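Some notes on the structure that comes next.
Values in this text are rule-based calculations from the coordinates and carry no lab data. Computed from a predicted model, the values in this text were never measured in an experiment. Neighbour counts are summed over all protein chains in view; Cβ atoms, including those assigned to glycine, are modelled from backbone coordinates with ideal geometry.
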Amino acid sequence: NCSYFKHFTPGQSSEIFEVTTQKEYSISAAAIAIFSVGFAIIGTICVLLSFMKKRDYLLKPASMFYTFAG
């Protein structure tokens with residue numbers, strides 16, 4: 001959990017580099033992952049309903065949901 005890295009060079013002053021984490025990126029990545037899992041689950045439900053009840057028209061939405069999940 002270091003927030004500063006000090007680099008010392010001989011004969012010169014030290015330079016301080018601040019390292020910060022960007023929480024906005026991690027929150028948006030988590031939201032995208034949750035939406036992706038949701039689309040994959042909906043696609044799986046469509047495929048299972050299509051195979052169980054012989055409804056072939058559910059395969060197009062299933063492929064669309066799998067594409068969105070990717």
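A few notes on this one:
- Taking the average, over residues, of other Cβ atoms within 10 Å as the packing measure, peptides 59-69, 26-36, 45-55 rank 59-69, 45-55, 26-36 from highest down.
- Here the calculated FRET efficiency for S28 and K53, from their Cβ-Cβ distance with R0 = 30 Å, stands at 0.20, rounded to the nearest 0.05.
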